[in-house]
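Here is the structure we will look at.
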Amino acid sequence: MSKKVPQNIIAIVYDFDGTLSPGNMQEQTIFKAYGIDKKRFWAKSQTLVDRRGYEKTLAYLKLLIDEPVFRRRPLTKRLLKGLASHVPYYPGVNEGYFDQLDDFLKTLPEVQEGGISLEHYIISSGLQEILDGVSIRKYFKKIYACEFDYQRGRPAFPKLVINDTNKTQFLFRINKGKLELSESINEHMPEAERRIPFRNMIYVGDGITDVPSMTVIQKAGGNAIAVYDPAKRVPQAVKSMVAEHRAEHFAPADFRAHSLFVKILHQTLKKIIASIVYRSSADRSSDWVRRHM
């Protein structure tokens, strides 16, 4: 018999590069520290894809190990974590966004009455070691990103690779409450036993690489918001994501209070909270009927 769980947790799942931070973390940290020309690096990475059949994410990770500059001065865990201080953020991200969301939820009586809580997650094709050092790390329940296996302090081989499509695996980890890679997510789990239903999730991403994740969440009743650089016009990719129903809304990546994104997020949270309260009430009514049959 299924063991129901409260399902009163809401998860906001973020991509990182282009979503919480402009550009990508490799260029903002590693490339600047090592004086690497970004066009040459990405062209060389693309050559591995085109000529040798590499998966795109594995190609750039290989270069971060094998390029002569990294053989001379390896990307140690300590070095990468230190470089995290150079990661820039979109407006508001590091200036109260997460605390303001908590304050917003405290104003809603249904949140207190229903014991509803909010968790934040990152799923990124960037580097775990950098993300573990960012100033906003404490706000995230879990961060999933590419990782190296280190031998004698040097990166020897990628031990975890996250790309556009396998990001969805981590959505199921959040959904089932099996957050550690050592835990299998392949066994069937009844919907009533899942820690965070997809309908309680909000995915925030910025481009075509987020489409598989947005599609999984949207098809399962969840929510997706596309963001873009506030300093630029709305990219065609973002317009297409909404037109094709991969995302419900789009907004500039401005995380300050009263921004369009935050207003959309508040409305989406209210919608999810109302659904949680309604389902909880319906379950109590069903239980009462069963007891009195």
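Couple of notes before you dig in:
- Lysines with Cα under 27 Å of Lys32, excluding same-chain neighbours fewer than 8 positions away: Lys44, Lys56, Lys62, Lys77, Lys81, Lys138, Lys159, Lys232
- With the largest listed first and rounded to whole Å, the semi-axes of the equivalent ellipsoid of the stretch 148-190 from the Cα gyration tensor are 27, 12, 7.
- Across the stretch 91-104, coupling constants 3J(HN,Hα) worked out from phi with the 6.51/-1.76/1.60 Karplus curve, θ = phi - 60°, read x, x, 4, 9, 10, x, 3, 5, 5, 5, 5, 4, 4, 4 Hz, and Gly and Pro carry x.
- Under a 5 Å amide H cut-off, with hydrogens placed 1.01 Å from N, Tyr203 pairs with Val13, Asn223, Ala224, Ile225 among residues at least 5 apart or on other chains.
- Expressed as a fraction of 2.2 N^0.38 Å, the C-alpha radius of gyration for the chain is 1.08.
- Cα-based helix-to-principal-axis angle, 260-291 vs the chain, degrees rounded to 10: 40
- In summary, the lysines within cross-link reach of Lys4, defined as a Cα separation below 21 angstrom excluding same-chain residues under 8 places away, comprise Lys176, Lys178.
- Percent RCO, i.e. relative contact order, over the chain, from Cα pairs under 8 Å lying at least 6 residues apart: 22
- Expressed as a whole percent, the accessible area of the chain that falls on carbon and sulfur atoms is 51 (1.4 Å probe).
- Note on the stretch 46-102 and the stretch 169-209: Cα centroid distance 24 Å, given to the nearest whole angstrom.
- The region of the chain that goes longest without hitting one of the trypsin sites (Lys or Arg not before Pro) in a DSSP loop, each with at most 10 other Cβ atoms within 10 Å, is 4-151.
- The DSSP beta bridges internal to the chain are antiparallel in roughly 20% of cases.
- Note that the stretch 183-275 presents 47 Å² accessible area per residue, ligands and nucleic acids not counted, probe 1.4 Å.
The values are calculated or read from the model by the stated rules, or taken from the named source; none is laboratory data. Just so you know, these numbers come straight off a predicted model, no measurement behind them. Note that each Cβ is placed from the backbone with ideal geometry, even for glycine, and that neighbours are counted across all protein chains shown. Side chains included, ligands, DNA and RNA excluded: accessible areas come from the protein's heavy atoms. Shrake-Rupley method; radii C 1.70, N 1.55, O 1.52, S 1.80 Å.
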